[in-house]
1. Are there GluC sites (Glu not before Pro) in the stretch 44-80 that DSSP puts in a loop and that have at most 13 other Cβ atoms within 10 Å, and which ones?
2. Can you give the FRET efficiency for MET97 and ASN45, using 1/(1 + (r/R0)^6), R0 = 30 Å, r = Cβ-Cβ distance, to the nearest 0.05?
3. Before rounding to the nearest 500, sum -39500 (n - 2.57) across all DSSP H runs of length at least 4 in the chain and divide by the residue total; then give [θ] at 222 nm in deg cm²/dmol.
4. In whole Å, how far is the Cα centre of the stretch 105-150 from that of the stretch 44-75?
5. When only alpha-carbon atoms count, how far does the stretch 33-94 stretch along each of its three principal axes, as whole angstroms with the largest first?
6. Give me the percent relative contact order of the chain, please, defined on Cα pairs under 8 angstrom at least 6 residues apart.
7. Of LYS22/LYS78; LYS21/LYS130; LYS78/LYS130; LYS15/LYS147; LYS22/LYS149, which sit over 27 Å apart, Cα to Cα?
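The numbers here are math on the coordinates, done by the rules we state, and not lab data. Since this is a predicted model, take the numbers as computed values, not measurements. Every residue, glycine as well, gets a Cβ built from its backbone with ideal geometry; the counts of neighbours run over all protein chains shown.
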Amino acid sequence: MDVILRKSNENEIEKIVELSKKAFDTDVFVGGKGNDGPPQYDDINWHKHMFEEGHLYTCMQTDGEIIGGAILFEEEEKLYVGRIFINPEYFGQGYGMQLMREIEYYFPNASVIRLDTPIWNVRTNRFYRKCGYRQTGKDMESVYYEKTKK
């Protein structure tokens, strides 16, 4: 089944937070510490703020089921992917790849897409390389990636 990306509705925020928590809590299996997702990954007020600022996006199947989300920041011809997450029930089924393609399609004016991910997270580092992102830097905590759209 295909996925659709769109700006979130206010009534979806609780579901998105629930899926964010579920997804990032699985990081313990790929090098993370328990319940140690990205900042405010489980905070409803933070997600409400992201919604109000226009940065919260919903990932849903074509049948309408919400299966994930994204925090995205567009500035002129650049897009920063703050985070993406998919319900762990759908891991390994291609939904993450579809979500990344939808993000690239949704922002046609973004010629450069940037993101970062924890250095210890073998799953996301492999995933972003598989999506065609190239590493542009690394520090003690994060690996930085970029993709230039043609």
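1. Here the sparse-neighbourhood loop sites are GLU53, GLU65, GLU76, GLU77.
2. Computed FRET efficiency for MET97 and ASN45: 0.45.
3. The helix-only estimate for the chain comes to -8500 deg cm²/dmol at 222 nm.
4. Cα centroid to Cα centroid, the span is 19 Å.
5. Extents along the principal axes: 33, 31, 20 Å.
6. 22
7. Beyond 27 Å: LYS22/LYS78; LYS15/LYS147; LYS22/LYS149.
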